[in-house]
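The structure appears below as structure tokens.
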Amino acid sequence: MYQVEYSSLKYYNNVISEECLYIGMLFHNLTTGKRDFRYISNFKRFQAFDDEADVEFVKLYLLGIKQQIETNIFNYNQTFSITDFTKIYVNEFRFSPVTVMEVEENEDYVENLTKMYLKFDFSKEKRLSNFVEKKYIRKILASSNAEFSPPKVYGIYDENVTFDYIIGNVAIKLFSFKGKNAAKLIPSAKQWAFSAEELKSRYKIVFLYDDDNETSQFNIVLQILKNHAAVYPLQDGLDYILKTIS
């Protein structure tokens, strides 16, 4: 097994905004010492997010991080601390808290975690399958060392309510909009909102979603859920959950 740590690089279009775009992934294999930095190659979405940004500058900025991070003849014998490196980024470019996890030696964790966090840089056919994505979500949650519980619980009428994960006192349900008509998810959202309201005295309910969908129906689904629980895009939600259960 390898022990690895990673942090995602987020871009904020101004220093006081909470809205951000994931644009890079930094990895450090603590077992082998190998370091990797991956970043977006499709800047159309970046330009749509901040049409005033200097894209050529951002490309050079990201390349500079890559050259600074990855092992070369100038830094191969230098001690590297991902925490020290990432904490200096405090303005528009900011790294997420560092996550430490275990992976198999033959596991392509760099590629898989990059596809998970920078998913919109990949065509739909090259993104992670639901199975692999859920596998990595569990790995990330397990990095907290909090205890998992059976995901099936009982509501106030003794009905079964099955989450995707329960870890510590946090119950997590994934909402996927991949290839789905958001309007057809409205009844499911209402059902889960009702369950969240029932169970909020026992668990912190968190709904995570992939934001493949930007229709008005999509926003209705999110609004229904937000009235009764914490709701986050997958990447931000994982950071929130790790902070909550730490």
Q. Can you give the three extents of the C-alpha atoms in the stretch 100-246 along their principal axes, from longest to shortest, in whole Å?
A. 47, 36, 23
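Note down the Stokes-Einstein diffusion coefficient of the chain in µm²/s, whole number, using a Kirkwood radius over alpha carbon pairs, 37 °C, and 0.692 mPa s. Spell out each step's value before the answer.
Working: Rh = 19.5 Å.
It comes out at roughly 168 µm²/s.
So between T32 and S81, what do we pick up on full extension, going 0.36 nm a residue minus the alpha carbon distance?
Working: separation 49, 0.36 × 49 = 17.64 nm, distance 1.39 nm.
Length gained between T32 and S81: 16.3 nm.
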Q. Once phi is turned into θ = phi - 60°, what whole-Hz ³J(HN,Hα) does the Karplus curve with 6.51, -1.76 and 1.60 give for every residue of the stretch 23-37, x standing for Gly and Pro?
A. 10, x, 9, 10, 10, 9, 7, 5, 7, 9, x, 5, 10, 9, 9
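What value, in deg cm²/dmol to 500, does the helix sum -39500 (n - 2.57) over DSSP H runs of n ≥ 4 give at 222 nm once divided by the residues of the chain? Spell out each step's value before the answer.
Working: 8 runs with 85 residues, N = 246.
Taken over the chain, the calculation gives -10500 deg cm²/dmol.
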Q. If one takes the longest principal axis of the Cα atoms in the chain, at what angle in degrees, from 0 to 90 and to the nearest 10, does the Cα axis of helix 216-226 lie?
A. 80 degrees
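From the convex hull of the Cα coordinates of the stretch 3-62, what is the mean projected area in square nanometres?
Details: hull surface 19.3 nm².
Mean projected area of the Cα convex hull: 4.8 nm².
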Q: Set the Förster distance to 45 Å, then compute FRET efficiency between Q217 and K59 from the Cβ-Cβ distance, nearest 0.05.
A: 0.80
Q.
Could you tell me the center-to-center distance, by alpha carbons, between the stretch 6-28 and the stretch 215-246 in angstrom?
A. 18 Å
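How large is the charge dipole for the chain, taken about the Cα centre, if only the Cβ atoms of Lys, Arg (+1) and Asp, Glu (-1) carry charge, to the nearest 20 debye? Walk me through the numbers before you get to the answer.
On the way: 30 positive and 33 negative charges, 93 e Å.
Dipole of the chain, to the nearest 20 debye: 440 debye.
Ranked from highest to lowest mean number of other Cβ atoms within 10 Å per residue, what is the order of the peptides 4-15, 147-158, 25-36? Before the final figure, lay out each step's value.
Details: 4-15: 19.2, 147-158: 10.9, 25-36: 17.1.
Sorting 4-15, 147-158, 25-36 by mean packing, highest first, produces 4-15, 25-36, 147-158.
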Q: Quick one: angle between helix 186-199 and the longest Cα principal axis of the chain, in degrees between 0 and 90, rounded to 10, please.
A: 80 degrees
Q. Could you give the angle, 0 to 90 degrees to the nearest 10, between helix 55-69's Cα long axis and the longest principal axis of the Cα atoms of the chain?
A. 80 degrees
Q. What base-10 log of the normalised intensity I(q)/I(0) is obtained for the stretch 1-129 from the Debye formula, alpha carbons as equal point scatterers, at q = 0.12 Å⁻¹?
A. -0.48
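Here are some pairs, K184/K243; K115/K178; K59/K119; K135/K178; which of them have Cα atoms lying more than 23 Å apart in this structure? Can you show the working numbers first?
Numbers: K184/K243 32 Å; K115/K178 15 Å; K59/K119 18 Å; K135/K178 18 Å.
Listed pairs above 23 Å: K184/K243.
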Q) Roughly to the nearest percent, how much of the accessible area of the chain is carbon and sulfur, given a 1.4 Å probe? A) 49 percent
Q.
Can you compute the modelled spin-label distance between D158 and K178, with each label point 7 Å from Cα toward Cβ, in nm?
A. 3.8 nm
Q: Calculate, for the chain, the solvent-accessible area per residue in square angstrom, rolling a 1.4 angstrom probe over the heavy atoms of the protein chains.
A: 54 Å²
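The values are calculated or read from the model by the stated rules, or taken from the named source; none is laboratory data. The structure presented is a predicted model; accordingly, all values stated were derived computationally and were not measured. Positions of Cβ are generated from backbone atoms using ideal geometry, with glycine treated the same way; all protein chains shown enter the neighbour counts. Keep in mind that these areas ignore ligands, DNA and RNA; they rest on the heavy atoms of the full protein, side chains included. Shrake-Rupley method; radii C 1.70, N 1.55, O 1.52, S 1.80 Å.
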